[in-house]
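Structure, as structure tokens:
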Amino acid sequence: MNERGALCSSGVRHGSFIDCAALLRPWEKMNARFAREHLRKLQISPHTYGGPGNAGPVFQWSGNVVALLRNVGLGGPFEAQLRLVINRIDEKILNIFLAFSAFSLLPAAEKVPVATLSTILTEIGQNVGGEHVAVSGLVKPGIGHHEFTPKPSDLAAIAQAQLVLASGKHMEGYHTRLPESSGSKGRFLEVGNAIPSLQMTPKEGEVYGTVAANGKIEDPPWWHSIENVKLATGIIRDAFSKISPSNKAVFEKHAAACIGKLVFLEKWAKHKVAELPCEKRKLVTLHDAFHYFAHDFGFTTLPIEGLNPDDEPSALKVTVIIETIKKENVKAIFGGFGNNPKVIQVNTYDTHAKIAGKLYADGLGFPDSTAAIYDGMMRRNIIIIVDALK
């Protein structure tokens, strides 16, 4: 390619317009500033591209350049040479423009729609998925699993979701009806079902999942074990990666960061609980939701009510709890959000135990609370328990 051709080829900038003033510099009769002002009118962008088979605007600039040269008195002997140069670079310009246009016309990557039936799962899903996942948390803070009733808007979100995350372990008894009710074709993943279970004896009249031969059922609130939340993070990471393989590395990175924070939380929790002697680790709660926490940190649990906060404790159970509180010199009894504190007062009125702070049992707290995130919820619960029982 001759000098003029090389100059013109180097004049292509960002695939946006053709800077042919460089081409015209050998001719001193041309004013470069004047040329730039006119050549800028030859701008090429995706807005002028008519799509495949309509590349007219790309080649239109060549005729305009020649016309401009004629207007400023540089036609004649230079016109033939200029056309040769233009013909050589036309194809190069078209390739650059088509590549730029194709990139510009690509649709933005869509986020994977996910619906969750737990505030804990909502947080994990958002943290692991990041900008690649759109999480709709259907169960809001302050709403217990037993209180949640899907609204039409919830069913619509489930219908659009590629993945629906549930706590599992028979916590959401209603979820089996959701696919039919919502018309969802997405996958329903009961996260807790892949996490090792503790067993519990159901209260008479309670029906939660399958009763084993020993009369036990799976204990549902697995999220009160930090180790279990680490496992849940990995389960959700793998589920997201299966749906969106191209973002697997991102999900793995986010999950690793989340697990790292949980490891730090677990170390803090062990250090805090160590302040409490083993013989004082008697956890009397209104709601029967803390077996996983007790298992991890060496507590004995004495729940007044069952899994469902609406359950009424039997007279025999209350008598046993009162006797245990007196015998073990338990210093505090813990209520919960959504529970009636009078239940504790009525059933433990003749003990010396104080009614301590409320514990978060079913999930995260409201956005303006310290329990709005899992880390804050666990720290708050543990501080209240340990400080009250010292």
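The values are calculated or read from the model by the stated rules, or taken from the named source; none is laboratory data. Note that this is a predicted model, so its numbers are computed, not measured. In this analysis, Cβ positions are derived from the backbone assuming ideal geometry, glycine residues included, and neighbour counts consider all displayed protein chains.
Residue check: Ile259 meets all listed conditions (1) touching a helix residue (DSSP H, G or I) at 6+ places or on another chain (Cβ under 7 Å); (2) outside the structural domain of Ser241 (by TED's automatic domain parsing); (3) surrounded by fewer than 21 Cβ atoms within 10 Å (Cβ to Cβ); (4) of a type outside the set (Phe, Trp, Tyr) but one, namely (2). Is it the case, given these coordinates, that Gly137 is modelled with pLDDT under 95 and out of contact with any Lys or Arg (no Cβ under 8 Å at 6 or more places or on another chain)? Judged against the criteria, Gly137 is not a match.
When the range 213-256 is filtered for residues that are more than 23 Å from Phe188 (Cβ to Cβ), surrounded by fewer than 17 Cβ atoms within 10 Å (Cβ to Cβ) and at pLDDT 95 or above, the ones remaining, listed by number, are Glu227, Ser246, Ala249, Glu252, Lys253, Ala256. The set of residues from the range 335-359 being in contact with a Lys or Arg (Cβ under 7 Å, 6 or more places away or on another chain) and either in the same structural domain as Leu138 (by TED's automatic domain parsing) or modelled with pLDDT of 75 or more (or both) comprises Gly335, Gly336, Ala353, Lys354. Report whether or not Lys270 is modelled with pLDDT under 95 and over 21 Å from the mean Cα position of the chain (by Cα). The answer is no for Lys270.
Can you tell me which of (1) at pLDDT 80 or above; (2) surrounded by 21 or more Cβ atoms within 10 Å (Cβ to Cβ) is the one Lys331 doesn't meet? Answer for Lys331: the failing condition is (2). Can Thr301 be described as modelled with pLDDT under 95 and not acidic (Asp, Glu)? In short, yes. Just one of (1) modelled with pLDDT of 95 or more; (2) surrounded by fewer than 21 Cβ atoms within 10 Å (Cβ to Cβ) fails for Val320. It is (1). Show the residue pairs meeting these rules: Cβ distance below 7 Å; 6+ apart or different chains; first residue within the range 278-295 and under 21 Å from Lys390 (Cβ atoms); second residue of a type outside the set (A, V, I, L, M, F, W, C) and in a helix (DSSP H, G or I). The qualifying pairs are Lys282/Glu328; Phe290/His224; Phe293/His224.
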